[in-house]
Structures are given as structure tokens and as C-alpha cells.
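Novice: Dropping the structure in here first, questions after.
The values are calculated or read from the model by the stated rules, or taken from the named source; none is laboratory data. Since the structure is predicted, the reported quantities are computational estimates derived from the model, not experimental observations. Note: ideal-geometry Cβ built from the backbone for every residue, glycine included; neighbour counts use all protein chains shown.
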Amino acid sequence: MDRTATARPAVPDNWAAPVLSGAALAKDRLLPVVEPLATLLPEGGLVRGQAIVSSGPAALSLALAAVSGAVAAGSWLAVVDVPMLGLETAAEFGIPLERIVRIDPGRGRAGSTGGRDRGTMWAELITATVDGFEIVITRVPDMLSRAMATRVQARWKARGAVVVVVGRPGPVSAAIELGSARARWEGIEPGAGHLRSRRVVVEASGRRTPRPRRAELWLPGPGGVISRVGGGTVNAVDDAMSVGAAYRPDISSHSAAG
């Protein structure tokens, strides 16, 4: 019986499929961060599809510092239900204000949410937001269920968005926690002066960091520049000495510091 063979295009003998280098693949899945924070993060940047928690007394400033490099490089930032985040503060961290969009839950009188609980509203907002933004800064409401958190995380992972949670993450699973402690403002002279800069101990920990990494940073420094205090180094620390062991996040889903 005759068989008709399917014609195949000729392939040159010297042809080879293009191979992306490990560096190219890594660059594609990372968003840049400023150098003082890059040395704290295990991947050296923000990994697409992952969540980061920012906690402690400088949680809000730390969240802005974490995303400032990527937004300055061209990414768009959505701020979802973080009313205390001021645009003036964002500008001080070098974030282009034209690349920030604030998204707040709609409320009627007396804080009404139209019959829907805050967890449901938050999940709907985040699900819609990650379709159009690479980076999101948000708070996690107390009413969010674990099942709903899992569905929302699957969405932002599929979209390759980076979500930075300010305060307690609740049922949201975060790859990295950036904790802050021992925040101290400087710049006030006796009888006069104004606050110019703040020293903060920042520690990165989490399931992707076998040992927490800690550094003391200016957050912000004079002129708004984020830098290591005294040009210091990043140190690996024991769990017993970590910021998380000595200082728990103090920011609820209804308040934030920074």
C-alpha cells in the first residue's frame, strides 16, 4: 500500500536551536532593586510571581525602597488599599510619580462595602490589578481566607507580578520577609534643625534564604539616597539573633508605620 510522506523543510547542517544563557533567563524573571537591597536578596532582585513582606517600624519606607529601582527602570506600580502611602514620600525614594496608580476599595457610608467583606473586595482588586501592573504594594485584610489567598497568589504568579505586602501577610505565602528594626532619625540639632535621614537595621529572611542577611541602611539617607551606613557589609546572622526573633511586625491590616 502506498504511503504519502509528509514533506519536511530542509534544515541546514550547521543550524542549532537558540539557547538562552542562564544569565538571560535570570534577568527576564527578575526586576531590579537598588544596590543596598540587592545584596540582601538571595536572587539579587525582585522575582516575578513572588510576594515579599515588609515589616517593622520602617515597613512602608522599606516597601518603597524595595520597588524604587524597578519603577525607576520602567515598571508600573499599583498601590492597593494603602492610604497612608504618600506620593511625596514615594518621590523622595526616586520613584517617578507618573508610574504610580493608587487603587482604593470603594466604600459607601460608614465604611460600607456593598455587602461584600473586605477579603473578597481585596481579592477582586488584586486579581484585576496584576493583569496590568508588574508591581503591587498592598496590605492584607484580616478577613482573607486561606483558600482565597491561594487563588489570588496563583493569579499573580501566572501574571509574573511582584506583590509587596506591608505588615502582616496573614494567609499569603511570602518568599522573603524584609524586616526593619532599631530605626533612628538623625539631623536634629539642639534647639533647631529637622529630620534629614534615618538609620534602619534591615534583615532579609524567608524560605529562600537559608540564613537571614542583615545590614544597616540609610532609609532614606541625606538627599533621599538609599545606602549602607558607613559603607558597611551585609552579614549572615543566626536565627536567634535575627530581627524577626527580637522584633515582630507591628503593622496590622488597618495601620502602618514607615
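Novice: Those residues that are in contact with a Phe, Trp or Tyr (Cβ under 7 Å, 6 or more places away or on another chain) and either surrounded by fewer than 19 Cβ atoms within 10 Å (Cβ to Cβ) or hydroxyl-bearing (Ser, Thr, Tyr) (or both), I need them from the range 204-224; list them, please.
Specialist: Of everything in the range 204-224, just one residue is in contact with a Phe, Trp or Tyr (Cβ under 7 Å, 6 or more places away or on another chain) and either surrounded by fewer than 19 Cβ atoms within 10 Å (Cβ to Cβ) or hydroxyl-bearing (Ser, Thr, Tyr) (or both), namely Gly224.
Novice: What are the residues in the range 129-142 that are within 18 Å of Ile103 (Cβ to Cβ) and surrounded by fewer than 20 Cβ atoms within 10 Å (Cβ to Cβ), if any?
Specialist: Asp131, Gly132, Pro141 - these are the residues of the range 129-142 that are within 18 Å of Ile103 (Cβ to Cβ) and surrounded by fewer than 20 Cβ atoms within 10 Å (Cβ to Cβ).
Novice: Given the options Ala70, Ala24, name the one that is outside any loop (DSSP other than H, G, I, E, B) and modelled with pLDDT of 95 or more.
Specialist: Numbers: Ala24 fails: modelled with pLDDT of 95 or more.
Only one candidate passes the filter, namely Ala70.
Novice: Is the range 35-54 home to any residue that is surrounded by fewer than 21 Cβ atoms within 10 Å (Cβ to Cβ), of a type in the set (Ser, Thr, Tyr), at pLDDT below 90 and on the phi < 0 side of the Ramachandran plot?
Specialist: Taking every residue of the range 35-54 in turn, none turns out to be surrounded by fewer than 21 Cβ atoms within 10 Å (Cβ to Cβ), of a type in the set (Ser, Thr, Tyr), at pLDDT below 90 and on the phi < 0 side of the Ramachandran plot.
Novice: Filter the range 133-149 for residues that are under 23 Å from Arg29 (Cβ atoms) and modelled with pLDDT under 95 and give the result. Write out each step before concluding.
Specialist: Step one: filter the range 133-149 for residues under 23 Å from Arg29 (Cβ atoms), giving 133-138, 149.
Once the filter is applied, which keeps residues that are under 23 Å from Arg29 (Cβ atoms) and modelled with pLDDT under 95, the range 133-149 yields nothing.
Novice: Residues in the range 84-100: is at least one under 18 Å from Ala128 (Cβ atoms) and surrounded by 18 or more Cβ atoms within 10 Å (Cβ to Cβ)?
Specialist: yes
Novice: I would also like to ask the following. Residue by residue through the range 133-172, note down the ones that are out of contact with any strand residue (DSSP E or B) (no Cβ under 8 Å at 6 or more places or on another chain) and of a type outside the set (A, V, I, L, M, F, W, C).
Specialist: Result: Pro141, Asp142, Ser145, Arg146, Thr150, Arg151, Arg155, Lys157, Arg159, Gly160, Gly170, Pro171.
Novice: With surrounded by 20 or more Cβ atoms within 10 Å (Cβ to Cβ), under 14 Å from Ser55 (Cβ atoms) and at pLDDT 95 or above as the only criterion, which of Val152, Val164, Val200, Val243 stands out?
Specialist: Answer to the check: Val164.
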